[in-house]
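Reviewing the structure listed below.
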Amino acid sequence: MGKIECEICEKEFTSILGLSKHNSQKHHMCAEETYIEYELKGIKPTCKCGCGEEVNFLSIKKGYVEFVRGHASRINNNWGHNLKAMEKSKETQRLMHESGDLKMWNDGLTIDDPRVRDNIDKVMANPNRSKKISDALSDVPKSEEHKQKLSNIANIRWSDPKEREAQRFRRLKYFRTSQSRKRSKLEQFFDDLLTNMGIKFESSYSVDGYLYDFYISEYNTLIEVDGDWYHFNENVHSLPLSPIQKNTIQNDKKKNKVAKSNNITLLRFWEYDINNNLDDVITKLKEFL
């Protein structure tokens with residue numbers, strides 16, 4: 001048997017066990033550190049299944065285990081890697097469930113049961129859940145029955161005023177944090193106009209969950225620049241109103257009430273006037289400000 005020399009003090013030993021005891025007493029090295037340094041040449045092993053996870057150290061004589069607990073089956077049984085085996089297992093479980101030989105833990109339970117509710121919350125909290133579902137359904141055509149089911153669910157959901165109000169705040173938060181809301185050319189033009197006039201303002205200002213184009217804090221004044229078609233300028237466009245125009249008009253009425261209830265002055269300017277009567281727009285701004 002060859003001798004092993006301590007690399008620190010050059011003392012020789014007949015076994016790795018003796019060297020380990022010496023390192024522990026004289027150089028404050030644990031058995032695992034000695035094993036890595038002298039047996040593995042400084043390279044700490046990882047699970048042989050290829051997952052990259054570190055394995056457990058047993059002793060100076062036995063060294064490390066080969067696999068992380070449970071990972072040996074990935075190699076020996078190919079579990080989790082053999083697609084045919086996984087599909088066969090799914091089919092077997094499905095048939096057993098249909099025949100009644102396999103009972104699911106939540107059979108007979110409703111969403112009111114706290115165990116079901118807790119399980120749903122855990123599933124929904126998975127940050128990768130939506131992406132996995134999206135990837136799995138990518139390019140998969142929906143059946144007409146599925147489309148109708150989605151339509152019915154959406155109609156029931158959005159018939160609830162509370163849900164519509166909650167969605168409005170969610171969309172507002174999304175616009176504010178993602179900065180994905182593209183500003184129109186009209187808004188950008190008015191932005192430049194206010195800047196050239198030396199007026200300090202905030203863009204996309206929120207009041208009670210409603211987003212306004214501009215807010216001038218010095219004068220507690222909100223400004224909306226209204227596109228002629230979307231907001232229906234009756235001096236430019238004629239009836240009948242489109243569904244989009246009807247929705248925009250109703251939303252404008254709500255925004256007027258919100259501004260008034262918060263004691264904030266609201267000024268509105270039409271696209272036509274900004275493009276064709278700019279002097280009048282500037283005069284009106286100066287009168288109010």
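Points to keep in mind about this one:
- Among residues of region 16-30, those that are out of contact with any Lys or Arg (no Cβ under 9 Å at 6 or more places or on another chain) and closer than 16 Å to residue 63 by Cα, counted: 5
- Subset tally (residues that are more than 33 Å from the chain's Cα centre (by Cα) and aliphatic (A, V, I, L, M)) for region 193-222: 5
- The set of residues from region 190-221 being free of Cβ contacts under 8 Å to residues at least 60 places away in the same chain, touching a strand residue (DSSP E or B) at 6+ places or on another chain (Cβ under 9 Å) and of a type in the set (Ser, Thr, Tyr) comprises 203, 204, 205, 206, 212, 215, 217.
- Output for region 1-17, where each listed residue is out of contact with any strand residue (DSSP E or B) (no Cβ under 8 Å at 6 or more places or on another chain) and in a loop (DSSP other than H, G, I, E, B): 1, 2, 7, 8, 9, 10
- For region 58-72, the count of residues that are hydroxyl-bearing (Ser, Thr, Tyr) and within 37 Å of the chain's Cα centre (by Cα) is zero.
- Tally of residues being in contact (Cβ under 8 Å) with a residue 40 or more places away in the chain and among the β-branched types (Val, Ile, Thr) across region 243-280: 4
- Top-ranked residue in region 238-251 [being modelled with pLDDT under 90 and under 17 Å from residue 271 (Cα atoms); ranked as surrounded by the most Cβ atoms within 10 Å (Cβ to Cβ)]: 248
The values are calculated or read from the model by the stated rules, or taken from the named source; none is laboratory data. On a predicted model such as this, the values are computed, not experimentally measured, just so you know. Don't worry about glycine lacking a Cβ; one is built from the backbone with ideal geometry, like all the others, and counts go over all protein chains shown.
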